[in-house]
Amino acid sequence: NNQSIWLKIKSPFGEEQYIPRIIDITAGNLEQNKNKSRRMKCCLSILLTLLTMMILALSILAIIIPILLLRRKSSTPPLSPIIVTNSSNNTTTVVTRTRTTTIACIYPNLISPFGTCVNIMIDSKNCGQVNNVCPRNSTCSAGICNNVPGIQLDNAKIVFSSATNGSADDQMYNITLPWNITLYNTTTNKVIVTSDGVLCLGNCSTSYTESRLPSRIFDGATAFPFWDDLYIYANTSQGIYYQTEGDIPQRTLIFEYYMSHYVELNQFYHFQVTFFENFPGIVQYKYFDATDHGDTCTIGVQASKTGPFMMYSYDQPNSVQINMTIYFDTIRGTFNLSNIN
C-alpha cells in the first residue's frame with residue numbers, strides 16, 4: 001500500500017542525486033483528509049453567513065436609528081408660552097420659543113389668564129370681571145349674572161352689542177363676510193342686517209312695519225327670520241352677532257339676534273340665521289325665545305320685491321315655538337319645520 005516518489009536533490013559536492021520519499025496514501029488517511037476539507041468548508045460557510053447577517057443588521061440599524069431619534073424629538077413637549085399681562089393698558093404679551101406676540105383687548109374685552117380677550121359683559125365664565133363664573137343655568141347680561149336668555153355663540157363677532165353700543169331702534173349694519181353666501185340667485189359676501197329682524201343680500205330697509213311677502217320695500221334677496229318692530233335695550237347682552245364654524249368646504253355662517261320688542265323690555269326675541277357653504281341657497285332659522293310666539297311678525301324669504309318668495313307666517317298667532325327650526329331651500333322653492341337637536 002506504499003508508493004515511492006523520487007525527489008531530485010544536489011549533494012554537498014554538487015552531484016545530483018535521487019532519493020525516495022515515502023507517502024502514506026492509505027484509505028484511512030484519505031478519508032481523514034476529506035473530513036478536514038469538509039470541516040473547513042463548513043466553517044467558511046458559517047463565517048460567510050455571520051458576515052451577511054452582520055451587514056443586514058447594520059443596514060436595519062441605519063434605517064431605524066434616525067426614525068427613533070426623530071420620534072423622540074417630535075414627542076418632546078414644546079416649551080409652554082410665557083404670558084405677561086399688563087393691566088394698566090389691558091394688553092398681554094405672549095412669549096414662545098419662536099416669537100413674541102402682544103395682544104390688545106378693547107373694553108369690555110379684558111385679558112384672561114390664558115392670554116385671550118374675554119367680553120366681561122356677556123361671557124358667563126368672566127361676568128363683570130375676569131374669572132367670575134355665573135352659577136349653572138344662568139347667563140351674563142351687562143356684566144351681571146341673571147336668568148335672562150344669553151348668547152348661544154361661543155366665539156361671536158359683534159355687529160351691535162348693547163353692552164358697548166347702547167340701545168338700537170330701526171337700524172341697519174353692513175357686514176363683509178369671510179366667504180360668500182347664497183339666497184335664490186344672489187351670491188355675495190356683503191350683507192346688511194337690521195335691528196328689526198331682517199337680513200339683506202342686496203338693498204335693505206329699516207322699515208319696522210311687517211307685511212305680507214313679497215315686500216316691495218326690499219329690492220333684493222332678503223331673509224326675514226323675524227320681521228317686527230324690535231328693539232335692542234342698553235346694558236343687556238342683547239344685540240346682533242355672527243360666527244363662522246367648521247372647515248372648508250363645510251363651513252356654516254351663523255347670525256344671532258337677541259332683542260326685545262319696542263317699549264316691551266320684558267319681551268324677548270332670540271333666534272339664529274344659518275347659511276351653509278356646502279348647501280348654497282339653503283337658509284335655516286332657529287328660535288330660542290319669542291315671547292309673543294310670532295303674533296306680530298313676518299317669517300320667510302324672497303328673491304326680489306316681485307318674488308319669487310316663500311312665506312311661513314304673517315301675524316299668525318302661535319306660529320313660533322321654542323326650539324323650532326325652519327329650513328328654506330330657495331333653489332327648489334320648498335321649506336319645512338323641525339325641532340332643534
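Peptides 246-252, 189-195, ordered by how many other C-beta atoms sit within 10 Å of their residues on average, highest first, read 189-195, 246-252.
Compute the signed sum of charges (Lys and Arg +1, Asp and Glu -1) over the other residues within less than 15 Å, Cβ to Cβ, of TRP179.
Taking every Cβ under 15 Å from that of TRP179, the sum is 0.
Spatially, segment 122-144 and segment 192-214 are offset by 32 Å when compared through their Cα centroids. Neighbours of CYS140 by Cβ distance under 9 Å: Lys/Arg scored +1, Asp/Glu scored -1, total 0.
For segment 154-339, what does the alpha-carbon gyration tensor say about shape, rounded, prolate or oblate, given a ≥ b ≥ c as the root eigenvalues, a/c under 1.5 as rounded, and a/b over b/c as prolate? Working shown, then result.
Numbers: a/c = 1.41, a/b = 1.15, b/c = 1.22.
Because its axes are fairly even, with a/c under 1.5, segment 154-339 counts as rounded.
Kindly list the residues of segment 109-146 that lie in the label zone of ASP289, defined by a backbone N under 20 Å from the point 7 Å along the Cα-to-C-beta vector. 119-128, 133-146, by backbone N distance to the label point.
Where a number appears in this text, it was derived from the coordinates with a stated rule and is not lab data. On a predicted model such as this, the values are computed, not experimentally measured, just so you know. Methodologically, a virtual Cβ is constructed for each residue, glycine included, from the backbone with ideal geometry; neighbour enumeration extends over all protein chains shown.
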